[in-house]
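Worksheet for the structure shown next.
Derivation of every value follows stated rules applied to the coordinates shown; laboratory data play no part. Keep in mind it's a predicted model, so treat the numbers as computed, not measured. Virtual Cβ from ideal backbone geometry, glycine too; neighbours counted across all protein chains shown.
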Amino acid sequence: MSVLFVLDAAVAGVHAPAGAYDLTSGRLWSLVAALVGVAGVVAGALALVRASRRPWRTGAVAALVAGLAGAVGGGLVVVAAEGGPGTGYGIVGGYIALVVGVAAMALGWLALARLRRVGAGETAARR
């Protein structure tokens with residue numbers, strides 16, 4: 001590559017394509033959103049398993065919030081992406097974050113429903 005080609009490309013605004021292993025900002029944001037969604041799935045699964053033993057809503061609410069944050073983050077990455085898969089905009093990770101975030105919200109909602117059912121059964125038994 002000559003120096004003139006590089007200068008001409010810089011002036012014209014042509015960007016080199018992202019490499020397969022380069023961590024671009026889109027890929028970073030989609031990774032963060034997916035990790036937040038995975039944390040929500042873990043919190044929701046634990047809240048769902050432990051709903052009958054401990055009637056606290058902390059894990060279920062944490063799953064709902066983390067799932068919402070992951071889904072919104074993934075959605076923003078998908079909306080902001082200017083290219084398809086392999087362009088470095090993180091669109092694949094954004095879709096993964098959307099799916100994982102919705103799964104976390106579903107688990108949190110199921111845990112809250114189970115907590116309500118367990119709580120209603122305890123108050124009926126006390127009467």
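Placing unit charges on each Cβ (+1 for Lys and Arg, -1 for Asp and Glu) gives the stretch 21-118 a dipole about its Cα centre, and among 67, 46, 31 the Cα reaching farthest toward its positive end belongs to 46. In plain terms, if you count all Cα to Cα distances in the stretch 21-118 and split them into 5 Å steps from zero, the share in each step is 3, 19, 23, 17, 13, 10, 8, 5, 3, 1 percent.
Sorting 25-36, 73-84 by average packing, meaning the other beta carbons within 10 Å per residue, from highest down gives 25-36, 73-84.
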